[in-house]
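The values are calculated or read from the model by the stated rules, or taken from the named source; none is laboratory data. Every value quoted in this text rests on a predicted model; they were computed, and no experiment measured them. As a convention, Cβ positions derive from the backbone with ideal geometry for all residues, glycine included, and neighbour counts pool all protein chains shown. We work out accessible area using only protein heavy atoms, side chains counted, and drop any ligands, DNA or RNA first. Shrake-Rupley method; radii C 1.70, N 1.55, O 1.52, S 1.80 Å.
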Amino acid sequence: MSKPLVLCSYLDRSAGRWNGVTDFFVNIFERRFKIIWMDDFEQDVAKYAKDVVAIGSFIGKPPVTKELIEKLPNLKIVANTGVGYNHLDVPMIRSFGVKVSNTPLVLDDATADLGMALLLNAGRQLHSNITLMRSPETTQIDANYMTNDVSGTTIGILGMGRIGYKVAQRAKAFNMKILYHNRSRRDEGEEANIGAQYYSNLNEMLPHCDYVMVTLPLTAATQKIMGTAQFKLMKSTAILVNISRGGTVDQEALVHALTHGEIQFAALDVTEPEPLPRDHKLLSLENVIITPHMGSGTLNTRIAMAQKAFENVVAAVDGTALPSEVFK
């Protein structure tokens, strides 16, 4: 074959397109590689296996199993297009001498922007107000209908990494009081720049927050970090925003909190699974809005992510240092 292969997700034959892979990713990678889709690969493993040098991972697909890696003797890298890689067993993959990469930095601003957009939407109830004004039944507006303040309120940021810090910068512009919980405290100068107050104990922070935004990576330590106990500690008027991973929130506990008045509202860009089953209780609640994991979903951001994934694969194949290698 004229080009080494990059193994990607499944091709939807009926729609004539691939699932979870953008067209510009294909265009970028085909400068040097040839894309092979999982369904084609599985039909003739012997034909393609020796030429696969990389697996392109998108939204957890294709599943990177030990059995798959064992079929690929010349595999150099599993390149994740995205910053989160909780769907990958990094130690297992690296045990085969295969590198792992992700695409940090390029999506931080877009994700923080969406976090603030969800916060503003939830606080000012933009979605329901838009529906109200579009409804043919609306003939007058109730002057007593009020929404929540944003400026001057308190936000608690759960996870003060790159994205969390950018959320804090945006919250500062809204004159919000900024509290945060993180496994380690930020530099005092960084705290001062955004006027943030650190809480080593999450449960001590929650009662003070009007808004709680989750920006944590999903790990064993953060799995369902927002659960029954945490919701009971929050204000009944508080709003939860999650732009991290669905698994950081106990969704059954969230349903209970929303239906029993423990918190007022939730705005979610992530769920577990994605999308939710169509009969999931969260989809029927009026005090929830859900977006389709679109934190990085801007054209320029997704192009930059594809480009960084490409650069990681090129580096792995050429034997040079990866721009963003994942070690654990």
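When the residues of region 315-328 are filtered to those that are small (Gly, Ala, Ser) and either without any contact (Cβ under 8 Å) to a residue 24 or more places away in the chain or part of a helix (DSSP H, G or I) (or both), which remaining residue is surrounded by the most Cβ atoms within 10 Å (Cβ to Cβ)?
Initial filter on region 315-328 (small (Gly, Ala, Ser)): 315-316, 319, 321, 324.
Retained after the next criterion (residues that are either without any contact (Cβ under 8 Å) to a residue 24 or more places away in the chain or part of a helix (DSSP H, G or I) (or both)): 315-316, 319, 321.
Working: 315: 20, 316: 23, 319: 7, 321: 8.
The qualifying residue surrounded by the most Cβ atoms within 10 Å (Cβ to Cβ) is 316.
In region 280-314, what residues are without any contact (Cβ under 8 Å) to a residue 60 or more places away in the chain, touching a Leu at 6+ places or on another chain (Cβ under 9 Å) and open to solvent by less than 40 Å² (accessible area, probe 1.4 Å)?
Those that are without any contact (Cβ under 8 Å) to a residue 60 or more places away in the chain, touching a Leu at 6+ places or on another chain (Cβ under 9 Å) and open to solvent by less than 40 Å² (accessible area, probe 1.4 Å): 282, 285, 287, 288.
Are there strands (runs of 3 or more DSSP E) fully within region 179-266 with at least 1 residues that are open to solvent by 10 Å² or more (accessible area, probe 1.4 Å) and farther than 18 Å from residue 281 by Cα? List them. Steps first, please.
Working: elements: 196-199, 211-214, 239-242.
Those strands (runs of 3 or more DSSP E) span 196-199.
Output the number of residues of region 277-314 satisfying the condition of being closer than 19 Å to residue 22 by Cα, assigned to a helix (DSSP H, G or I) and hydroxyl-bearing (Ser, Thr, Tyr).
Matching residues across region 277-314 total 1.
Looking at region 156-173, is at least one residue outside any helix (DSSP H, G or I) and either over 23 Å from the mean Cα position of the chain (by Cα) or closer than 29 Å to residue 23 by Cβ (or both)? Can you show your working first?
Applying the first criterion (outside any helix (DSSP H, G or I)) to region 156-173 yields 156-161.
After this cut, where a residue has to be either over 23 Å from the mean Cα position of the chain (by Cα) or closer than 29 Å to residue 23 by Cβ (or both) as well, the list is none.
So far as region 156-173 goes, no, none of its residues is outside any helix (DSSP H, G or I) and either over 23 Å from the mean Cα position of the chain (by Cα) or closer than 29 Å to residue 23 by Cβ (or both).
Pairs please, first residue from region 69-83 and touching a residue at least 24 places away in the same chain (Cβ under 8 Å), second anywhere and among the acidic types (Asp, Glu) and surrounded by fewer than 20 Cβ atoms within 10 Å (Cβ to Cβ), Cβ atoms under 7 Å, 6+ apart in sequence or on different chains.
No pair meets every condition.
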